[in-house]
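Q: I have a structure I would like to understand better, so I am pasting it below and will then ask my questions one at a time.
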Amino acid sequence: METSVKAGRAALLSVVMLVVLAGPAQAATPVVLAAAKPWHYWISIVLAASFVLLLLQMLLGYVVKVVMLKYGIKVGRKST
């Protein structure tokens, strides 16, 4: 009997474990994080924006390459 884990469950488990295990580390240092005013705070904005754009690009690519082809919709091609 082969045990298989679906990708969605594995991803959800990873996120849950990250949140659960990161909780104590965050709770231990709230004063240090609040007092620090680093010069590189702007990198978080760049990283968050690039992550969101990457997700949108992957979603759009999935729709174009998988969903639209499934229903016979062709994008950017001239029909002859």
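The values are calculated or read from the model by the stated rules, or taken from the named source; none is laboratory data. Quantities reported herein were computed from a predicted structural model and do not represent experimental measurements. All Cβ positions, glycine included, derive from the backbone under ideal geometry; neighbour counts span all protein chains shown.
Q: Yes or no: the stretch 16-27 includes at least one residue that is surrounded by 10 or more Cβ atoms within 10 Å (Cβ to Cβ), within 30 Å of residue 76 (Cβ to Cβ) and either among the β-branched types (Val, Ile, Thr) or modelled with pLDDT of 65 or more (or both).
A: For the stretch 16-27, residues surrounded by 10 or more Cβ atoms within 10 Å (Cβ to Cβ), within 30 Å of residue 76 (Cβ to Cβ) and either among the β-branched types (Val, Ile, Thr) or modelled with pLDDT of 65 or more (or both): absent.
Q: Pairs please, first residue from the stretch 52-68 and at positive phi, second anywhere and surrounded by 10 or more Cβ atoms within 10 Å (Cβ to Cβ) and not polar (S, T, N, Q), Cβ atoms under 6 Å, 6+ apart in sequence or on different chains.
A: none
Q: Could you check, for the stretch 30-44, whether at least one of its residues is modelled with pLDDT under 75, in a loop (DSSP other than H, G, I, E, B) and among the charged types (D, E, K, R)? Even if it seems obvious, please write down each step before you answer.
A: So in the stretch 30-44, the residues modelled with pLDDT under 75 come out as 30-39.
Of the ones still in play, those that are also in a loop (DSSP other than H, G, I, E, B) are 36-39.
Going one step further and asking which of them are among the charged types (D, E, K, R), we end up with 37.
For the stretch 30-44, residues modelled with pLDDT under 75, in a loop (DSSP other than H, G, I, E, B) and among the charged types (D, E, K, R): present.
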